[in-house]
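Structure first, commentary second.
The values are calculated or read from the model by the stated rules, or taken from the named source; none is laboratory data. Just so we're clear, the structure is a prediction, and the values are computed from it rather than from any experiment. Cβ placement follows ideal geometry from the backbone for every residue including glycine, while neighbour counts extend to all protein chains displayed.
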Amino acid sequence: MTITRLADLADPAKTPRLVVKVGSALLVGKDGQPNRAWLEALCEEIAQARKRGQQVIVVSSGAIALGAAKLGLARGGRSNLADAQAAAAVGQIALAGLWSQLLGKCGLTAAQLLVTLEDLDDRRRYLNAAATIGKLLQAGAVPVINENDSVATEEIRFGDNDRLAARAAQAARADAVVLLSDIDGLYDRDPADPDARMLPLVEGVTRDIHDMATGGSSSGLGSGGMTSKLQAAEIAERAGIVLAIINGTHVRPFERAFQHDRGTLFLPRRNDGALKSWLGGRQRMKGVLVVDTGCAKALAKGGSLLATGITLIEGDFRRGDPVAVRDAQGRALGQGLVEYDADEIARIKGYRSEELQALLGYSPRSAVIHRDQLVLL
């Protein structure tokens, strides 16, 4: 059954598994204290979804904001990385306790999962996380996922929980993701503009859609903005997952959005399968391969990346590492897992397949990146 409107996200036949992302600005007030009444109502909505037969996964921000208030740190604990990590270490306890208590009042068991970008970029750890989420849902628990900000460095951070929610949805094989925002959805320009128009439906995130977004977080508490939400929609759509943005500032936000059909629904144009959706959602690449025009055209038609089309190599990587593929103008074409080390590719780039054995000293592999290990962006 196909999801075509926001109300379908409350239909267990169309959306049996749902991911809900809650941002810091909704969960924590300006005084650094949790918005308990709002959160209690949200937990009641989660419990209602469970009674309808839906499984729910929560991706929750708020640890840094809660911890910063307890420690008396400036700028909500975001002045520097050390402050953020210290605030998160304190706030994670408070956040987990809050979800456990309030979901418990609704008869639900909360389970905490703390992850870093590295956890979901590594294939084995990604599969382990997926198995854990699956077991928790099978056991009737509500997984509450957050970035492990107390140990994550700038190099291994998601940076916002919008993209984490999309990656968690991929791992959980969810049907849809709902991002609770401080506005009703995606507008065609700055929402402060009186002529701004909200888009109720988006079929695939294009360059024109990205141009509508702004990158900042209006609250000052979170780290995301509309740009990060569009990036999350792109990650979700690679796995055929629907994503919605609705206004979370109202009490019982799901009830309001579904009854009044108020929000933006992103419908995927593709479904890359488990491996390719994981690969396409990776944020860190070990290197870059620049290709010529002929190679770019062959990739667009579903071909593998061959040595003859490579013009430039960047980075130090090994066989099996993820690398980005770009054209001569620097535009991102795709990303995939390479079949050769960087120094080997440096020796064979620009050469035809029949010439590679003499250059390498062994029988060459079928491609530098096979089409089965390559996802187009």
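Side notes on the structure shown:
- Residues of segment 109-126 that turn out to be outside any helix (DSSP H, G or I) and either outside the structural domain of LEU98 (by TED's automatic domain parsing) or surrounded by fewer than 15 Cβ atoms within 10 Å (Cβ to Cβ) (or both), as a count: 2
- Against the numbered list (1) closer than 16 Å to GLN373 by Cβ; (2) over 22 Å from the mean Cα position of the chain (by Cα), LYS286 comes up short only at (2).
- Unique match (being on the phi < 0 side of the Ramachandran plot and at pLDDT below 95) among THR116, THR109: THR116
- Taken as a whole, the condition of being surrounded by fewer than 21 Cβ atoms within 10 Å (Cβ to Cβ), outside any helix (DSSP H, G or I) and in the same structural domain as ASP11 (by TED's automatic domain parsing) does not apply to ALA130.
- Considering segment 1-30, and only residues there that are among the basic types (Lys, Arg) and surrounded by fewer than 21 Cβ atoms within 10 Å (Cβ to Cβ), the residue that is modelled with the lowest pLDDT turns out to be LYS30.
- Taken together, ALA74, ALA82, ALA96 contain a single residue that is of a type in the set (A, V, I, L, M, F, W, C) and crowded, with 18+ Cβ neighbours inside 10 Å, which is ALA96.
- Checking VAL323 against (1) of a type outside the set (Gly, Ala, Ser); (2) without any contact (Cβ under 8 Å) to a residue 24 or more places away in the chain; (3) closer than 22 Å to ILE235 by Cα, the condition it does not meet: (2)
- Extreme residue, surrounded by the most Cβ atoms within 10 Å (Cβ to Cβ), among residues of segment 321-363 that are within 29 Å of the chain's Cα centre (by Cα), over 14 Å from GLY309 (Cα atoms) and of a type in the set (D, E, K, R): GLU339
- Residue within segment 53-66 that is out of contact with any helix residue (DSSP H, G or I) (no Cβ under 9 Å at 6 or more places or on another chain), touching a residue at least 40 places away in the same chain (Cβ under 8 Å) and more than 20 Å from ASP182 (Cβ to Cβ) present: yes
- Segment 189-263 holds helices (runs of 4 or more DSSP H) entirely within its bounds, and those carrying 1 or more residues that are modelled with pLDDT of 90 or more, of a type outside the set (Asp, Glu) and crowded, with 23+ Cβ neighbours inside 10 Å map to 226-238, 253-260.
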